[in-house]
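As structure tokens, the structure follows; a few thoughts come after it.
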Amino acid sequence: MDEIKLLLGRLRRLLYSRGRSTDDTDDLIQEAFLRLQQYRDKQAVGNTEAFLVRTVLNLSADLQRRHRVERIVPDALESLSVVDPSPSPDVVLAGQERLLRFKRGLRAISPRQREVFILHRVEGYSFPQIAKELDISVSMAEKHAARALIFMMNWMKK
């Protein structure tokens, strides 16, 4: 009886070292003993411990292969719903229409206001830089920008 406990302990440690869970280990050892009994019915076994060790290792490898195959789901790609990160056609159309409206609004303001607006809002110039670039006062650059911004905000709301 002590020999069986020692053998069970060795088999458990062997399977634990291969990453098997307690439940899997018990199932594999039980299956190995069953196969030992079935094999003994037909012929003699020279080394019982070697037979059991080889059997649990083979069963463990088979279990590993089954788990690997089970993770492969047939037709998995077809069943996946792929999310397209690009905007929907109606959102794209709305954006294009908004951009066209914005461009028409820019054409509707005076050339000086348009120039100041683009330099400030698009190019990122400061008002002193705009004043120097256009040879106007800083106050006038601010007024042009404010008028252009108010006009564009009202234009885009329409």
Residues of region 122-154 satisfying the condition of being assigned to a helix (DSSP H, G or I) and of a type outside the set (A, V, I, L, M):
Phe127, Pro128, Gln129, Lys132, Glu133, Ser139, Glu142, Lys143, His144, Arg147, Phe151, Asn154
Given region 1-80, what helices (runs of 4 or more DSSP H) lie entirely inside it while holding 3 or more residues that are within 33 Å of the chain's Cα centre (by Cα) and modelled with pLDDT under 85?
48-70, 76-79
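The values are calculated or read from the model by the stated rules, or taken from the named source; none is laboratory data. What you are looking at is a predicted structure, and each value in this text was computed from that prediction instead of being measured.
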